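These notes are about the structure you will find just below.
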Amino acid sequence: MSTADQYPPARRDDLVEDLHGRAVADPYRWLEDAGTPETQEWSRAQDALWSAYHDQAAERLADGPFATEKLTARLLQLLDAGFVSPPAWRGDRRFFTRRSGDQEHPVVVVVDPDGTERVLIDPVTLSDDGTTTLDAWQPSKEGHLVAYQVSTGGTEESVLRVLDVTTGDDVDGPVDRARYSPVAWVPGGQSFYYVRRLDPAGLPCDEHQYHRRVWWHQLGTDPSEDVEVFGAGLPMTNYYGVQVSLDGRWLVVSASQGTAPRTDVWIADLTTSTLQAPAFADVVVGVDAETRAWVDIDGRLYVHTDLDAPRGRLAWADPTTPQDWHPLLAEDPEAVLTDTEIVDGPDGHPAALLASWERHAVSEITVHDLATGGRTGEVALPGLGSVGALVTRPEGGTEVWFSYTDHTTVPTVYRWTHGTDAATLWAEPPGVLADLPDVTVERLTATSADGTLIRAFVVAPATLVTPAPTILYGYGGFQVSLNPGYSASRLAWVEAGGVYVEANLRGGGEEGEAWHRDGMRGNKQNVFDDLHAVAQALITGGWTTSEQLAVWGGSNGGLLVGAAITQQPQTYAAAVCSAPLLDMVRYQRFGLGATWSEEYGDADVPEELDWLLSYSPYHRVQPGTAYPATVFTIFEGDTRVDTLHARKMAAALQAATTRTLADAPVLVRLESGVGHGGRALSRSVALIVDEMQFVADRLTHPQAGGPS
């Protein structure tokens, strides 16, 4: 029985295009335009449907752990510890970010030479409604200035300014079009290099988000006078990195075309050319590999690359001969090299190399001889968890700082000193550590369709009654690794008796670049097969049943969810699909989609269109299918993934499913004033509450779903 009449009406057009000889239907293309009266009317009706369902679900859950006030309070309690970052040392000052339990956004804090601690940047003071977010910040090499970028309404359209650290006043900017812009200060703080898009005037509308260049900016001058130093003639979708060595001699620029796993790197000697016109030499260009390069305190050019080493290796070169690489750390057969730092010995000279690795998604740190790369020791960590970036003083020193977290440990900062075997606690979050539920963490293994072993973290109550309501979370793309980490929502779910599973799928970075490439482009189906395998392992292993299993993911993970419910709808009772990518034929035309073709494929290429059509969730919706209950959570300010994907998919599912609105509702939750990325704490908690309540309601009240 069709249930289309129970949902808001959605006109279904007989639109079929011939794309390279393939007949491709697109019946809901009219929903791509959010501004038309028809789309707005449909969206208002979807809002009303969500609100009616949400109110009734909240009433059904009112006596248990998922009651709105109780769940909100528990999430806030689990988040009350807040957050603190490792220190960034500049001269005699140190900078870090911190969020207390009651703060909506993290703030930037500076500690002056005399030990005085001050809040330097607080996004809440920059807007009355809390929708301003701090996107990035970078102190000058001397620590007397900070370049910082903020955006509003979730748009991520960063505006760059510079403030005086002593007074806290802005002394330069605003500079617009600075989204995803690194800042590299020149010593003295009178100028810096940064990345900015070209003026959109004269560019086609669909290219306004692209055409980045590297610029040189002199403090106090109009940004319109900034000098373009790099990027002309290169692909419009390029992203750039930029660094200046501590002594100011070397400028390093990197470029990646969109999110392609390839990086070109150049270096310029600023003592033999001007700041405005650096003369670049190739470090590595035109090679199918990712490379990060920098000139360190010892004057060597270091190169961290996956060239001929999918799990990563480290080499060094003389910056004057940047293509003459000397091996230092070889590729490990199992662990992925994630970061390195040089550490001084007791005599104040560089003596050791610290390296962090991820072995099957769990971090470890090793110590090496700086001259030979030979391993000389390791740093004991508090548990089986995740380590953040290694941080040293730019001028050198015997100390290294890093963050650590695991499934039951809030992120804390540790310090390791040369010559010791273990790191010591340096800083804890400023808030109150909550009492945590008694949980267990296990590694589940499953065999994918092609025989590949897939691992997953299973977090469950110490005393578990099985089969249990289970959330299966995944991402599987863009080299993103799902590592052990503290999560308030995960702990709240497990505390209520559920099981939470994070799957390490191909497409991620858990096993290196080969693992990533096995889940991208024409291999994307591997990612979905991996998820299917983990779901089946959970069911056959007795952890859960298909009637008690929910799949959850966002962004690229939303694509994963869309594939899960269209390829194996019978496996899941519920799905949370957040900020999703779902129409894989037209994704390149919207948001930042043009930068992702190296990850997914190009629909303008016949063979690659076939890849995309083979799994595109919107195009795989089949009338007469019993689809699981699904909520699409989308955000009006999202400039990365257009909300049109969820609108079109929701309309298609609502029309196609054989399950009733009461049995398995398909709903859209639209939120204004936020976007794809950062948001205020209260907004984050409210979203999690709504999503968790949807899952809890669907897994415990499957016959009482629809609004009356």
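Summing Lys, Arg as +1 and Asp, Glu as -1, what charge do residues with Cβ under 13 Å from the Cβ of Gly541 carry, Gly541 excluded? Cβ neighbours under 13 Å give a net charge of 0.
For segment 321-431, the share of accessible area belonging to carbon and sulfur comes to 52 percent (1.4 Å probe, ligands and nucleic acids excluded). For segment 213-268, the square roots a ≥ b ≥ c of the C-alpha gyration tensor eigenvalues yield an a/c of 1.5 or more together with a/b not exceeding b/c, which makes the shape oblate. Each principal axis of the Cα cloud of the chain was taken in turn, and the coordinate range along them, longest first, works out to 77, 60, 52 Å.
Taking the C-alpha atoms only, the angle from helix 644-656 to the longest principal axis of the chain is near 20 degrees. Applying D = kT/(6 pi eta Rh) to segment 221-350, where Rh is the Kirkwood radius over alpha-carbon pairs, T corresponds to 4 °C and eta to 1.567 mPa s, the Stokes-Einstein value obtained is 81 µm²/s. The protection proxy used here, the mean number of other Cβ atoms lying within 10 Å of each residue, ranks peptides 17-23, 292-298 as follows, highest first: 292-298, 17-23.
Centre-to-centre separation between the Cα atoms of segment 314-373 and those of segment 674-695: 39 Å.
Per residue, how much accessible area does the chain show when a 1.4 Å probe rolls over the protein heavy atoms, in square angstrom?
Values: 26600 Å² over 708 residues.
Averaged over the residues of the chain, the accessible area is 38 Å².
State the dimensionless ratio Rg/Rh of segment 316-454 (Rg: radius of gyration of Cα atoms; Rh: Kirkwood radius). Before the final figure, lay out each step's value.
On the way: Rg = 17.9 Å, Rh = 17.2 Å.
So for segment 316-454, dividing Rg by the Kirkwood Rh gives 1.04.
Each 5 Å bin from zero holds the following percent of Cα-Cα pairs in segment 571-642: 3, 15, 21, 23, 17, 14, 7, 0.
Net charge near Val674: determine it from the other residues with C-beta under 10 Å of the C-beta of Val674, scoring Lys and Arg +1 and Asp and Glu -1.
Numbers: positive: Arg679, Arg683; negative: Glu636, Asp638, Glu671.
With Lys, Arg at +1 and Asp, Glu at -1, the net is -1.
Compute for segment 115-224: radius of gyration divided by Kirkwood radius, i.e. Rg/Rh, restricted to C-alpha atoms, rounded to two decimals.
Details: Rg = 14.6 Å, Rh = 14.8 Å.
When Rh is taken as the Kirkwood radius, the ratio is 0.99.
When the solvent-accessible area of segment 559-614 is split by element, carbon and sulfur atoms take up 43 percent of it, the probe being 1.4 Å. For segment 519-558, the calculated P(r), taken from all Cα-Cα distances in 5 Å bins from zero up to the bin holding the longest distance, is 6, 20, 23, 23, 16, 9, 2 percent. Taking the longest Cα principal axis of the chain as reference, the axis of helix 606-615 is set at about 60 degrees. How would segment 1-154 be classified by its alpha-carbon gyration tensor: rounded, prolate or oblate, with rounded meaning a/c under 1.5 and the a/b versus b/c comparison settling the rest? Oblate.
Rounded to the nearest 20, the Cβ-based charge dipole of segment 1-137 about its Cα centre (Lys and Arg +1, Asp and Glu -1) stands at 620 debye. Note on Asp222: accessible area approximately 80 square angstrom, rounded to 10, probe 1.4 Å, nucleic acids and ligands left out. Per residue, the chain reaches -5500 deg cm²/dmol at 222 nm when only DSSP H runs of four or more residues are counted, each adding -39500 (n - 2.57). With the convex hull drawn over the C-alpha atoms of segment 591-708, the volume per residue is 127 Å³. The convex hull of the Cα atoms of segment 305-344, projected and averaged over all directions, covers 3.4 nm². Computed over segment 278-348, the range of Cα coordinates on each principal axis works out to 39, 38, 17 Å, biggest value leading. Distance distribution P(r), segment 12-56, all Cα-Cα pairs, bin width 10 angstrom from 0: 25, 32, 27, 13, 3 percent. Computed from label points 7 Å out along Cα-Cβ, the spacing between Thr447 and Thr116 is 6.7 nm.
Mind running the shape call on segment 508-618? Use the C-alpha gyration tensor, a ≥ b ≥ c as the square roots of the eigenvalues: rounded below 1.5 for a/c, prolate if a/b tops b/c, oblate otherwise. Note, shape of segment 508-618 comes out prolate.
For an R0 of 41 angstrom, estimate the FRET efficiency from the Cβ-Cβ distance between Gln567 and Arg11 and round to the nearest 0.05. Spell out each step's value before the answer.
Numbers: r = 27 Å, r/R0 = 0.66.
Plugging the Cβ-Cβ distance into 1/(1 + (r/R0)^6) gives 0.90.
Against the chain, whose longest principal axis comes from its Cα atoms, helix 524-540 is set at around 60 degrees.
Between Arg521 and Asp282, the simple label model (points 7 Å from Cα in the Cβ direction) yields a spacing of 2.1 nm.
Normalised by 2.2 N^0.38 Å, where N is the number of residues, the C-alpha radius of gyration of segment 154-298 stands at 1.06.
Using packing as a proxy for protection, rank 38-51, 670-683, 503-516 so that the peptide with the highest average count of other Cβ atoms within 10 Å comes first.
Values: 38-51: 16.4, 670-683: 18.3, 503-516: 24.1.
The packing order, highest mean first, is 503-516, 670-683, 38-51.
The values are calculated or read from the model by the stated rules, or taken from the named source; none is laboratory data. Keep in mind that this is a model prediction, so the values were computed, not measured. Positions of Cβ are generated from backbone atoms using ideal geometry, with glycine treated the same way; all protein chains shown enter the neighbour counts. What goes into the accessible areas is simple: the full protein's heavy atoms, side chains included, and nothing from ligands, DNA or RNA. Shrake-Rupley method; radii C 1.70, N 1.55, O 1.52, S 1.80 Å.
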